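Report on one structure; see the data block that follows.
Since every read-out is calculated from the coordinates, none of them should be taken as a lab result. Remember, it's a predicted structure, so these values are computed and weren't measured experimentally. When we count neighbours, we look across all protein chains shown, and the Cβ atoms used for this are built from the backbone with ideal geometry, even at glycine.
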Amino acid sequence: MLNVLVYLPFGFLAAARLKGSIARRLLLATLAGALLSAALEFGQTYLPGRVTSVLDIVLNAAGSLGGGAMALVLPRLRLSRHIYQTLHRSLRYPGAGELGLVALCLWVVSQWAPLVPSLDPGNLKAGLAPLKASLEGGTAFEWARFTSYLLMCFGTGAIALAVVRPGRVHTRWIASSLLLVLAGKVVMIDRVLATEALLAGCCTVACLALLQRLRLSGLRLLAFIALAAFYTHYTLLPSPSDTTLRTINWVPFRGHINSEYGIFNLLDLAWVFTGLAFALSSPGKQSQRIRALQGTLLLTWVALLEWCQQFIPGRYPDITDVVVAMGIWWLASGFPRPPGGATGFRDKPPVVNARGATQRPLAALLACLLLAAAAFIFYRGTSDAPPSYSLPDIDQLPAPLFAGFRPAHPRLRPPSTAEVGLIRELNPGFWIRRREAALEGELYSRILMARVEPGSVDTAELYGDLMKLEPSGRGQEQTSMLALGYDWLYGEWNPPQRQALLDKVARACDYQVEVIRNKYSLSPYNVYLYNRPLQALMMAALASHGDISDDSCMRFTADYWQNRVLPVWRQVMGENGGWHEGGEYVGIGIGQAIYQLP
């Protein structure tokens, strides 16, 4: 199904741009999709971890066929024609106005990706957890994050005002839509509504009445400044928990192939640079010299930002961002537009006729229904109803006794000497890539190479980077690295370093307990538990068990594992085993939970 959905837009756009008879356009759109899919499948034969499939080509061709059919059928439907005509009449001027609509649609997709809604109470609680934590004082207000959201909302608001004809009705629609998009993140899987985002949206809505008084040129200038500032701020913002410095990746799409977050990054680039193309556009035909000058300046700006990321902790400088950003801008800046000036009535007041007056009660009823739905979702998401299972206080749990527990480090099994040699013989490129990643500062590779090849990594520098880690979000990235660094390299640390790392592991384990118990209230039925707070909790508990006087980490972990998780696994898997996850989670590797846990 995902293959079909991905190629629907391709078939739609291809059929819409082609000329000729219906059969010819449909055939060419389907053939183009099939050829593109075949070329990509052929390219996958040279990528490790990728599996080519004839079925993928068939499904991608079917998606192109479906998209082409939609492009040919929709213009002939009365409803779609009415919607298009109404929307077209609301634009200030065609061409560039439609480009602005494309930018706004891409922004909505980027905010709601992966576009999988769920009204499950667990998902709603996770979506509202940051907002609830901020309101209860559990987390501090992040001004840098608020600044990013504010610039983003101002940019989209300015684009929306520049797209439609001026009027209070359109301004109210823009304000409602902006808040609706932000609120809609709550019901989307893997999306959350942050306090900073909600406050930034409210500030933008409050300013829309003033912004609508600006002329079209002023709105486009404001959109350009806001989007350029947003992208600069977003690109140069250091990570609060990752202290690694990385060099530029010069292989396009290397970090985007097997990651949904890579797709999200491409969507962010798409809407930002489509919006910039709209902000730099003008009615009528644009000079190629001006377009080339704009492109050169944008290319210099984007390349400079990627270069600067090499010196900012936690950033991932990538040539892919430069290529994709400029490609999207170049395509969007060439968006066809008719000659002439603006066709909208820039300062014409809205006209309220009898029909509009009769529609006011209907609009008020619709607004009440939306508010009621929002209140219901908020209630379901923040309800403190007791969970279906209870977790005892850690102080009441007995100290676990494990027959045959091996106290010597490492306890988290590292690759043995024989396994290292076998990998070096069968896949020598693996260790080459790990050495390169270690040199670039990637934390796991540095820990692994320090274990496999002692002396190849500066352990003093590695110790400093480990001590800078502070858990954030679900905490699994930082906790797992602290546990590995303490356990695998136990013999490399002197006693003061060992004790300091042990204290860091204990605090990180407390953070994981808080995430599971209170912050997200994760039950063994919740897939978020396996992505990957539970694995990080287990690693920290095994690494620190017996080394610290207060063994609260292992007491909670042992009870949670033996009395909560394992009964659920046996209930789900039965006698013959098995495990079920959504295709999205299989794709990002949550199935590793099975072999990362005992």
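Taking amide H as placed 1.01 Å from N in the peptide plane, ASP318 has its amide H under 5 Å from the amide H of ASN249, each at least 5 places away in sequence or on another chain. Listed values for the range 266-273 are Karplus-derived 3J(HN,Hα) couplings in whole Hz (6.51 cos²θ - 1.76 cosθ + 1.60, θ = phi - 60°), namely 5, 5, 4, 4, 4, 6, 5, 7, and x replaces Gly and Pro. Here the spin labels are modelled as points 7 Å beyond Cα on the Cα-Cβ line, and at GLU442 and LEU115 they lie 3.0 nm apart. Cα gyration tensor of the range 26-145, axes a ≥ b ≥ c as square roots of the eigenvalues: rounded (a/c below 1.5), prolate (a/b > b/c) or oblate? It comes out oblate by the Cα gyration axes. Can you work out the base-10 log of I(q)/I(0) for the range 418-540 at q = 0.18 1/Å, using the Debye formula on its C-alpha atoms alone? Computed log10 I(q)/I(0) values: -0.95. Taking packing as the residue-averaged number of other Cβ atoms within 10 angstrom, the listed peptides 399-405, 470-476, 552-558, 432-438 run from highest to lowest as 552-558, 470-476, 432-438, 399-405. Measuring between alpha carbons in the structure, the pairs from LYS185/LYS519; LYS132/LYS468; LYS132/LYS519 lying more than 20 angstrom apart are LYS132/LYS468. The range 397-474 and the range 59-96 have their alpha-carbon centroids 54 Å apart. Applying Stokes-Einstein at 37 °C and 0.692 mPa s to the Kirkwood radius of the range 90-137, computed over alpha-carbon pairs, gives a translational diffusion coefficient of 241 µm² s⁻¹.
For the range 1-76, what is the relative contact order in percent, using Cα pairs closer than 8 Å and at least 6 residues apart in sequence?
Values: 104 pairs, mean separation 40.7, N = 76.
That works out to 54 percent.
Think of each Lys and Arg Cβ as +1 and each Asp and Glu Cβ as -1; about the Cα centre, that makes the dipole of the range 400-494 roughly 360 debye. Here, the range 99-183 has an Rg and a Dmax of 15.3, 44 Å when only alpha carbons are counted.
For a quick protection proxy, order the peptides 566-574, 142-150 by their average other-Cβ count within 10 Å, most packed first.
Working: 566-574: 12.3, 142-150: 17.3.
Ranking, from highest mean packing down: 142-150, 566-574.
Peptide packing: for 156-166, 190-200, 12-22, the average count of neighbouring Cβ atoms within 10 Å per residue gives the ranking 156-166, 190-200, 12-22, highest mean first.
Restricting the calculation to Cα atoms, the range 92-242 yields a radius of gyration followed by a Dmax of 16.1, 48 Å. The C-alpha radius of gyration of the range 1-76, expressed as a fraction of 2.2 N^0.38 Å, stands at 1.14.
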